[in-house]
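Have a look at the structure below before the remarks.
Every number in this text was worked out from the coordinates using simple rules, so none of it is lab data. Fair warning: this is a prediction, and the values are worked out from it, not measured in the lab. Please note: Cβ atoms are built from the backbone with ideal geometry, for glycine as well, and neighbour counts cover all protein chains shown.
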Amino acid sequence: MPLPPHIKNGSAARFGWIGAAGLFLGVLLAAAGCSSNRRVGYRTEVDTIPPDRGRPVYEVYSPEILMPSKGIPGKAIRNYEGAPRVAIIIDDIGYDRRIAENLLALDAAFTFSVLPRSPHREVLISKIASRGRELMLHLPMEPIEYPNIDPGPDALMTHMHPDRLLDRLEAHLNDMPEAAGVNNHMGSRMTARFPDMYRIFSVLKERRLFFIDSYTTPDSACLPSARLMRIPFAQRDVFLDHSLDPADVRSQIHRLIRLAEIYGEAVAIGHPHPVTYAVLKKELPRLLQRVEIVPASHLVHNFG
Ligand SMILES: [Zn+2]
């Protein structure tokens, strides 16, 4: 059973009594086994990029989170008039510039989540702004598969002292002040740790940023942390491209539409793969007949 990290007096003062209460709750949840690090299988998708740019691993997640058997945690049915709304977040942006620009050229309000320290982040952030699309910070966090899978430069790691963890988070946020919100890159180990997520959300709250849980583990502590911290929050419903077969990407788009029609809204995450771009481009007219595509910030809610 993992123990909560040691908290210095300075850290407690940083967050006040609310933070202390949250940390205490975190201790209780950790003791109840909510931070279990059970090992699960995963899929890995790697994009083709020039060798001199490195080869980032785009995402890892357990197969069981693709189709939750017990429904979608925290998902509420929301009344709507007109078309149901969907957000389509393309994350892992910053390495493959060409695909990112192709996705930006599509006539749809996709949201773009950019990896810190990625080689093309600056030029792509300015293109995202000039295209009027919403920008998010794609925050790298430790996955269960670490060290076999590397979450990338300056990721938030569970062994880090809370002060160092938050300094690293603040540095990422300072480097991307245009970001409206944050979602996790990988993070199946980190997002299962209530005390760490609570600390991270306390910073997002101060900065009035929303968080979208990429939901890379069924043990995610993001929803209860967001509820306690009262930050605007949503959870990813569908990964568009866990399989790179075009038929599977098409079927995930239809699943997104069905969920949006049932719940009133739904959140998808896709990646800058050629197949994702090709299928989105082809399916866009049909998609827009049935749903309204909105920026991710339109689909976050306070769960408190
Ligand atoms: Zn990612």
Fill in the blank from the handout: Between the modelled labels at residue 292 and residue 159 (7 Å from Cα along Cα→Cβ) the distance in nm is 4.9
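Sort region 178-244 into rounded, prolate or oblate with this rule: let a ≥ b ≥ c be the square roots of the eigenvalues of the Cα gyration tensor; rounded if a/c is under 1.5, and if a/c is not under 1.5, prolate when a/b is larger than b/c, oblate otherwise. Show your work: numbers first, answer last.
Values: a/c = 2.10, a/b = 1.40, b/c = 1.50.
Oblate shape, in that a/c is at least 1.5 and b/c is the bigger or equal ratio.
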Practice task
Quick one: give the max-minus-min coordinate of the C-alpha atoms of region 209-304 along each principal axis, largest first, in Å.
Solution key: 41, 26, 23
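Quote the FRET efficiency, to the nearest 0.05, computed for residue 258 versus residue 107 with a Förster distance R0 of 25 Å and r equal to the Cβ-Cβ distance. Kindly include the intermediate steps, with their values, before the conclusion.
Numbers: r = 23 Å, r/R0 = 0.93.
Between residue 258 and residue 107 the formula returns 0.60.
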Practice task
Please give the FRET efficiency for residue 248 paired with residue 131, using the beta carbon to beta carbon distance and R0 = 22 Å, rounded to the nearest 0.05.
Solution key: 0.20
Handout entry: Spin-label model distance (nm) - residue 178 vs residue 117, 7 Å beyond Cα toward Cβ
Key = 2.2
Practice task
Along Cα→Cβ, 7 Å out, is where each label goes; now give me the distance between the ones at residue 281 and residue 207 in nm to one decimal.
Solution key: 3.4
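Out of region 214-269, which trypsin sites (Lys or Arg not before Pro) are coil in DSSP terms and have no more than 13 other C-beta atoms within 10 Å?
Values: sites: 227, 230, 236, 250, 255, 258; in loops: 230, 236.
Passing sites in region 214-269 are 230.
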Problem - Efficiency of FRET from Cβ geometry, residue 77 and residue 98, R₀ 41 Å, rounded to 0.05 - result: 0.55
Problem - Radius, Kirkwood style, for region 133-240 when every pair of distinct Cα atoms is counted (Å) - result: 13.7
